[in-house]
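Data first, discussion second: the structure below is written as C-alpha cells.
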C-alpha cells in the first residue's frame, strides 16, 4: 500500500491570488489597492469541466471621517 501525495498550488501575481486544489478546481481572488477582496472566481474541477465558473464581485463603502 503506497502513499498518495496531494498538493495544493498557490500562485501570486500582484493583487491576484490563484489557488489550485488537488482535483484541479481553482479559486482566483483579486484584491483592490487597500487589500480588500474585489472579486472571486471559482472554476470547476476537471471532473466537472463543462460546468460554468462562479464569479462574485464585492463592493466596499467608504466611511467619511468626522471633522
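All of the numbers you see were taken from the coordinates with simple rules; none came from a lab. Here the structure is a predicted model, which means the values were calculated and not measured. Note: ideal-geometry Cβ built from the backbone for every residue, glycine included; neighbour counts use all protein chains shown.
Note on residue 55 and residue 34: their simple-model spin labels are 2.3 nm apart, each label 7 Å out from Cα toward Cβ.
For the peptides 35-47, 18-30, residues were scored by their other Cβ atoms within 10 Å and the scores averaged per peptide; the highest-first order is 18-30, 35-47.
The computed percent of Cα pairs over 16 Å apart for the structure shown corresponds, within (1) 52; (2) 60; (3) 71, to (2).
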